[in-house]
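Input: a single structure, listed below in structure tokens.
What follows draws every value from the coordinates through simple rules; no lab data is involved. Predicted, not measured: the structure shown is a model, and the values here were computed from it. Cβ: placed from backbone, ideal geometry, glycine included. Neighbour counts: every protein chain shown.
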């Protein structure tokens, strides 16, 4: 039996020249390069304070981030910048994060943080978290379609400032004068003061505006409220106050001034009352949005989330120490009563 030769060379024979040509051609074939590990995405986190006061908020943020499949140190990195309570440092810190070209900037904790981030970049996605109105502040064109590089979460903490005055006047019904603590460096201070004055007018109350944006001024606020014999002290919504809840609780006890703030941390630390948005929900949603953006979604396609849950915390031990009896109507309205 005769076998048919392969068609190499002349007359079906494979020559040395043919073999060399084949080897050369094979050497020229492209070889697949080994896959290069992708760089871990980096979240830029801009905080108005320091890590310790942010601890519970950070835990909620990381929880939301994990719901999208991202865990810090495993498949995402977080680059932190802290302003240590000095709002004037925020713009420069935001610029540092923008220069790093992070995947997304998270700007939680108030309007001043969001405004600093938005001034630093128009291209890097930004996720804010605040108690104010991002529309009124010019951060977004629409809540449903932000139409830019910003989106985020807003709560009702700023809007309900007037309710704090109503609650404390219900607790001290004979009082006609109340102190209002405000940080004038806050972009929402003017709106809150107007809302509080409107509430005071409707209730027939007089307000005394007390400003504070430093540790020393906080002590002065409580001393002034005590000396003027105010029926109570109402703190406007501001991150500077919220992150100093333990200090405020200690000052309220020392000066014997009935006080209400926005943050649940205040009555938990021994203060009288708080009324404000649920920060755990808002920071968790911030983490979810950061993860979704890393996965490729655009801020302009993510509507601003509005956390509508508002919490009233009442500390009965603090009330007893101040010689106050909490009215049944106020107790029934409370989400949490601390005994």
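Highest GNM mean-square fluctuation among 322, 90, 143, for the chain modelled with Cα contacts below 10 Å: 322. Kirkwood hydrodynamic radius (Cα pairs, Å) of the stretch 67-152? It works out to 13.5 Å.
Between rounded, prolate and oblate, where does the stretch 102-149 land on the alpha carbon gyration tensor, with a ≥ b ≥ c its root eigenvalues, rounded for a/c under 1.5, else prolate if a/b exceeds b/c? Taking the square roots of the gyration eigenvalues as a ≥ b ≥ c, the stretch 102-149 is oblate. Cβ crowding within 10 Å ranks 311, 49 as 311, 49, fewest other Cβ atoms first. The distance separating the Cα centre of the stretch 126-190 from that of the stretch 287-339 comes to 13 Å.
Rounded to two decimals, the Cα-based Rg/Rh of the stretch 157-219, with Kirkwood Rh, is 0.97. In this label model, residue 227 and residue 144 are separated by 5.4 nm, measuring between points 7 Å along each Cα→Cβ vector. The label point for residue 176 and the one for residue 209, both projected 7 Å from the Cα toward the Cβ, are 2.2 nm apart.
Ordering 139, 330 by the number of other Cβ atoms within 10 Å of each residue's own Cβ, fewest first, gives 330, 139.
Taking label positions 7 Å along the Cα-Cβ direction at both residue 220 and residue 306, the computed distance is 3.8 nm, reported to one decimal.
Neighbour counts of other Cβ atoms within 10 Å put 301, 219 in the fewest-to-most order 301, 219. In the distance distribution for the stretch 188-339, Cα-Cα pairs more than 19 Å apart total 60 percent. The Cα trace of the stretch 269-331 gives Rg and Dmax of 18.5, 56 Å, the first to one decimal, the second as a whole number.
With a ≥ b ≥ c taken as the square roots of the eigenvalues of the C-alpha gyration tensor of the stretch 149-272, please select rounded if a/c is under 1.5 and otherwise prolate if a/b is larger than b/c or oblate if it is not? Oblate. Based on the convex hull around the alpha carbon atoms, the chain presents an average projected area of 27.1 nm².
Pairs of Cα atoms nearer than 8 Å and 6+ residues apart set the relative contact order; for the chain it is 19 percent. For the Cα trace of the stretch 94-214, dividing Rg by the Kirkwood Rh returns an Rg/Rh value of 1.09.
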